[in-house]
Structures are given as C-alpha cells and as structure tokens.
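The values are calculated or read from the model by the stated rules, or taken from the named source; none is laboratory data. Quantities reported herein were computed from a predicted structural model and do not represent experimental measurements. Cβ placement follows ideal geometry from the backbone for every residue including glycine, while neighbour counts extend to all protein chains displayed.
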Amino acid sequence: MRIPFSSIFITSPFKGLQEHAEKVKECAWAFQQAMECFASAECEIFEEHRQHAIRLEHEADAIKRRIRGHLPKGVMMPVEKFELFRYLREQDKVLDSVQGALNWLSHRGHKGIPKAVEKDFFLLVDAAIEPTEELSKMVTGARLYFKNFSDRQRNKVKEIIANIRKMEHEADQKEYRLIKKIFDHETDPITVFHMIRLAEIIGNIADHAENAGDMMRAMIAR
C-alpha cells in the first residue's frame, strides 16, 4: 500500500521543485528578451538582460540548495531520493543552457544576428522556451498526484510529459533547419561557427526540459 505523500512530509519537496521551475520559466523569458535585444541594432541593454538572467539563476540555485539540504532523513518517501535529485539536476540544466547561450552571445563583440537567419533563430528560441513553460505545470500536477495517487491526476501529468516531448521534437527540427540555413547563407567562418554553436546551445534548453519530463515520468511510474 502506498502512503499518501501529505502524511509523511510536513513540507513537500515538490513545493521547492515548483518554485525552482518558476525560476526556470522566468529565466527563459529573460533569455528571450536578451535575444531580441542582441538582434536589434538599437538595443544597448543586452548586458542588463544577461545580468537579470544571472540573478534569476542565483535565486534558483538557492532554491536548489534548500531542496537538497532539507530532505528528511530516515523517512519513507513515495519516490527515491536519487530520483528527486536526478529530476532537479535536469531542471537545473535548463538554466545552465540558458546562461550558456547568453554567455556565448556576450563573447562576440559584434552584436547582431545575420538577417538571412534571424527569423529562424527566433523560431528556434520560441520552440526551445515553450517546453520550459510546461515544467511548472508538470511539477504542480505531480505534487497533486502524490497527495492522493489519483489515476486521473497521474494521466494529466503524463499528458504534460508527452506534450513536452512533442515540443522538444519540434525544437530539434527547427535547430536542424537553422543550421542547414547557416551553412547555405553564411561564408565567414567565425560567423558560421558562432551561429551554429549558439543554435546548439539553444537547442539544449529544450533537450533538458524533455529529460526533466522523462525523470518525472519515472517518479510517477507504478
């Protein structure tokens, strides 16, 4: 017999995971704004956007440390502690990829994205960010599931996970088309290298969101 989650925790660790997921979503939005600024010749506050994302990442790190440091010892849990940590690690890697993309942009003195691929870059950014917005919904749903182990609630979480997987696949397709277009339209080797690496890092955002979904699926598996 499974023990109701609410009966063995005074404070559910999923509350912290939810807070962390909200920071991931905020950081993804900050990244989107920074990308728009980088692409614009008029915008001169890219570094401000980057620093805002760094602050959000630090806040998320504090939440992560709190989750890891306040799990009770010797208490039965409906999920293994290592599963919880694996999930948190993947959710945190979304932030790492966001920060990695912003740092990569900041290394290049010349601001801007080639016009021939600008639209495709923003299509990729939107596609990569979309699954990160589902993480909070997924954690909220899992938190409810572990309170009563309702099959209906479990199926809702599985639907969100399936949706994240679909979004990641669409992001992969956009990344592939973008890289092909960069090779077709750009001739400067530095620009080609910089743009392709940027596309790969942005694609990693969606990859880690999907991995987090896979970790969650393992946690709610019966």
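Does the stretch 180-190 contain any residue that is at pLDDT 95 or above, closer than 27 Å to Phe82 by Cβ and surrounded by 21 or more Cβ atoms within 10 Å (Cβ to Cβ)? Within the stretch 180-190, not a single residue is at pLDDT 95 or above, closer than 27 Å to Phe82 by Cβ and surrounded by 21 or more Cβ atoms within 10 Å (Cβ to Cβ). The set of residues in the stretch 116-140 being closer than 30 Å to Asp188 by Cα, touching a residue at least 40 places away in the same chain (Cβ under 8 Å) and not β-branched (Val, Ile, Thr) consists of Ala116, Glu118, Asp120, Phe121, Phe122, Leu123, Leu124, Asp126, Ala127, Ala128.
Helices (runs of 4 or more DSSP H) fully within the stretch 53-167 that include at least 3 residues being on the phi > 0 side of the Ramachandran plot: none found. Would you mind stating whether Leu84 is buried (at least 21 other Cβ atoms within 10 Å of the Cβ), within 18 Å of Glu19 (Cα to Cα) and in contact (Cβ under 8 Å) with a residue 60 or more places away in the chain? Considered against the rule, which asks whether it is buried (at least 21 other Cβ atoms within 10 Å of the Cβ), within 18 Å of Glu19 (Cα to Cα) and in contact (Cβ under 8 Å) with a residue 60 or more places away in the chain, Leu84 comes out as no. Remark: pairs (first residue in the stretch 20-36, under 18 Å from Ile113 (Cβ atoms); second residue charged (D, E, K, R); Cβ separation under 6 Å; 6+ apart in sequence or on different chains) = Ala34/Arg50.
Within the stretch 121-129, can one find any residue that is modelled with pLDDT under 95 and surrounded by fewer than 19 Cβ atoms within 10 Å (Cβ to Cβ)? Walk me through it before giving the result.
Initially, the stretch 121-129 is screened for residues modelled with pLDDT under 95, giving none.
Taking every residue of the stretch 121-129 in turn, none turns out to be modelled with pLDDT under 95 and surrounded by fewer than 19 Cβ atoms within 10 Å (Cβ to Cβ).
If only one of Arg197, Arg143, Arg165 is in contact (Cβ under 8 Å) with a residue 60 or more places away in the chain, more than 30 Å from Ile45 (Cα to Cα) and of a type in the set (Lys, Arg), which one is it? None of the other options fit; the residue is Arg143.
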